[in-house]
Amino acid sequence: MLTSRSAIVIGAGIVGLATARALALRGFSVKVFERGDRAVGASVRNFGMIWPIGQPIGKMYDRAIRSRNVWKDLSLKADFWSETAGSLHLAYHPDEWQVLQELYGIFFKEGRSVQLLDRDAVARVSPAAHTEGLLGGLYSREELIVDPREAIAALPGWLSAQLNVEFHWGKCVSYIADQIAYIGNDEEHEADLIFICNGADFETLYPESFSQQPVTKCKLQMMRLVSQPDDWRIGPALCGGLSLIHYNSFKAAPSLPGLKERYAGEMADYLEWGIHVMVSQNGRGELTVGDSHEYGLTHDPFDKAFINQLVLDYLKKIVRLKDWSVCQTWNGIYTRLTDGEADLFFSPEPYVYVINGLGGAGMTLSFGLAEELVAGL
C-alpha cells in the first residue's frame with residue numbers, strides 16, 4: 001500500500017471525469033487513463049441534457065439536482081457553454097394532455113418547479129412549438145443544457161489545472177492486479193484505489209465479472225441540424241408525447257398505461273425501435289435531435305435511415321424550425337442494466353471498483369453519483 005492516498009480512474013467520459021473530481025476533492029492524488037487521445041464515446045454523443053424531470057423523487061431526483069448544480073458551477077469555471085433552458089413536454093392528444101395534468105399535480109406536490117401551460121402560454125415560452133392542434137404543455141425550469149462535445153473536452157484541462165488530476169491519453173489499461181494497472185507489457189501504475197469507468201466496454205477489463213452482471217448495451221441514433229438563422233432560439237428543450245413513456249418519473253401518472261396502449265396500436269414502429277423524440281439547442285444554435293434505442297450485447301455499426309426519418313417525421317408534427325438541414329448523423333452505445341437498477345457499482349477484486357450502468361442518464365447523474373460513492377468509501 002502506498003503511503004499517501006492515490007487513485008487511478010480508467011476512462012475519461014463523464015463517469016470517469018466525475019469520479020476523478022470527487023476523488024480529488026477528497027484529497028486523493030488522481031491519475032486518469034484514457035485509451036484514446038480524447039473521449040469519443042457516449043459522453044459526447046448525446047443531447048447534452050441534464051434532466052432532473054426524468055428522475056423519480058427522492059435519491060435519484062436529489063442526485064440529478066446535485067449534478068445539475070455541479071454542471072452550472074463547472075461551466076463558469078471551465079469556460080464552456082451552458083443554459084438553464086428548462087424542458088417543455090407537449091400534448092396534442094387528450095390522453096397526452098391527461099398525463100401531463102396528472103404529472104403536474106404530482107410534481108407540484110413534490111416541490112418541483114413546474115407549470116402547466118395552455119396553448120398560448122406554450123407559444124410565449126417557445127416560438128418553436130407547433131401550436132396547431134396543441135392542447136398544452138408541461139414546463140419545467142430545472143433542466144440544464146450543455147454541448148457535450150465542448151463540455152467533455154473542456155473538463156480535463158480544468159481538472160488538471162485546478163485539482164491536479166493527471167491525464168494520460170492514448171493509454172489502454174489491459175490488466176489490473178494487486179492495485180497495479182498494466183499498460184502493455186512494460187508500463188505499470190500503482191494506486192490505493194482503482195476505478196473502472198469504461199462505459200460499454202465489457203470485454204477489456206474483468207470480462208468474466210461483467211458476464212455475471214445484469215448488463216446489456218443500448219445503441220441509439222441521433223442527428224444534428226444546422227445553426228438556426230438570425231440567432232433564432234427554440235427556448236426550452238422540446239419533447240413529444242412519446243417521451244412520456246420513456247422516463248421513470250412519468251410512471252407516476254395513473255393514465256400512462258392507457259397512453260402507452262394507444263401508442264402500441266397506432267405507432268408500433270416507434271415503440272419497436274424505442275423511439276422518442278426530443279430536441280435541444282446548443283450555444284451555436286445547432287439542434288440535437290433523437291433518438292432510438294436498440295438493445296443487445298453486439299450492435300452493427302450501421303445507421304438505419306428509416307429510423308432517422310421516423311424521428312424527423314414526428315418532430316415536424318410538434319416543432320417548427322427555420323432550417324431543417326441535417327449536418328451530422330451518428331450512433332452511440334451505452335450500458336443498460338436489465339434489472340431495473342439505476343447504476344452498477346461492484347468490486348471485482350479488493351480496492352478495485354467498477355462504476356457503470358447509468359443508462360441514458362450519465363450526464364444527468366454522474367457528478368452526484370460519484371460524490372456519493374467516493375464519500376461512502
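Free of any GluC sites (Glu not before Pro) that DSSP assigns to a loop and that have at most 15 other C-beta atoms within 10 Å, the longest stretch within the chain is 204-340. Restricting attention to segment 235-314, which chymotrypsin sites (Phe, Trp or Tyr not before Pro) occupy a DSSP loop and are surrounded by at most 13 other Cβ atoms within 10 Å? Of the chymotrypsin sites (Phe, Trp or Tyr not before Pro), the ones in loops of segment 235-314 whose Cβ has at most 13 other Cβ atoms within 10 Å are 302. Between the alpha-carbon centres of segment 157-201 and segment 1-49 there is a gap of 8 Å. Can you find, among 346, 329, 357, the residue farthest towards the positive end of the dipole of segment 308-377? Put +1 on the C-beta of Lys and Arg, -1 on that of Asp and Glu. Of 346, 329, 357, it is 329. Surface composition of the chain: carbon plus sulfur atoms hold 49% of the accessible area, using a 1.4 angstrom probe and ignoring ligands, DNA and RNA. With Rg and the Kirkwood Rh both taken from Cα atoms, where does Rg over Rh land for segment 95-150? Expressed as Rg/Rh, it is 1.04. Structural descriptor for the chain: relative contact order 26 percent, calculated from alpha carbon pairs under 8 angstrom and at least 6 residues apart.
Shape summary: segment 296-377 maps onto an equivalent ellipsoid whose semi-axes, from the alpha-carbon gyration tensor, are 36, 17, 11 Å in decreasing order. Let me cross-check residue 260: its accessible surface, 1.4 Å probe, with only protein heavy atoms counted, in Å² to the nearest 10? Using a 1.4 Å probe on the heavy atoms, I get roughly 110 Å². For the chain, the share of DSSP beta bridges that are antiparallel, to the nearest 5, is 70%.
Tell me the mean residue ellipticity at 222 nm calculated for the chain from its helices only (DSSP H runs of n ≥ 4, each -39500 (n - 2.57), averaged over every residue, nearest 500). Can you show the working numbers first?
Working: 10 runs with 120 residues, N = 377.
Taking each H run of at least 4 residues, the total per residue is -10000 deg cm²/dmol.
Does segment 240-377 come out rounded, prolate or oblate, given a ≥ b ≥ c as the square roots of the eigenvalues of its C-alpha gyration tensor, rounded meaning a/c under 1.5 and, failing that, prolate meaning a/b above b/c? Prolate is the answer for segment 240-377, as a/c is 1.5 or above and a/b outweighs b/c. Cross-link check: pairs 77/316; 109/217; 217/251 evaluated at a Cα-Cα cut-off of 28 Å; pairs beyond the cut-off: 77/316; 109/217. The tail of the calculated P(r) for segment 1-131 beyond 22 Å holds 55 percent of all Cα-Cα pairs.
The charge dipole of the chain, taken about its Cα centre with unit charges on the Cβ atoms of Lys, Arg (+1), Asp and Glu (-1) only, comes to about 900 debye. Classify segment 55-150 from the C-alpha gyration tensor, please: rounded if a/c falls under 1.5, else prolate or oblate depending on whether a/b exceeds b/c. It comes out oblate by the Cα gyration axes.
Rounded, prolate or oblate: which one fits segment 157-231, using the alpha carbon gyration tensor with axes a ≥ b ≥ c (rounded when a/c is under 1.5, else prolate when a/b beats b/c, else oblate)? It comes out oblate by the Cα gyration axes. Considering only 74, 105, 88, the residue lying farthest towards the positive end of the dipole of segment 39-109 is 74, judged by Cα position with unit charges set on Cβ.
Note that the chain presents 42 Å² accessible area per residue, ligands and nucleic acids not counted, probe 1.4 Å. Averaging over all projection directions, the Cα-based convex hull of segment 329-372 occupies 4.3 nm² in the image plane. Computed over segment 110-204, the range of Cα coordinates on each principal axis works out to 66, 32, 29 Å, biggest value leading.
Rounded to the nearest 0.05, the FRET efficiency derived from the C-beta distance between residue 186 and residue 295 at R0 = 25 Å is 0.05. Each of 242, 117, 25 was scored by the projection of its Cα onto the charge dipole of the chain, and the greatest displacement toward the positive side belongs to 117; charges sit on the C-beta of Lys, Arg, Asp and Glu.
Computed from label points 7 Å out along Cα-Cβ, the spacing between residue 121 and residue 328 is 3.6 nm. Accessible surface of residue 40 in the full protein assembly, 1.4 angstrom probe, to the nearest 10 Å²? Residue 40 exposes around 80 Å² with every protein chain in place.
The values are calculated or read from the model by the stated rules, or taken from the named source; none is laboratory data. Since this is a predicted model, take the numbers as computed values, not measurements. Virtual Cβ from ideal backbone geometry, glycine too; neighbours counted across all protein chains shown. To get the accessible areas, we keep the full protein, side chains included, count just its heavy atoms, and leave off ligands, DNA and RNA. Shrake-Rupley method; radii C 1.70, N 1.55, O 1.52, S 1.80 Å.
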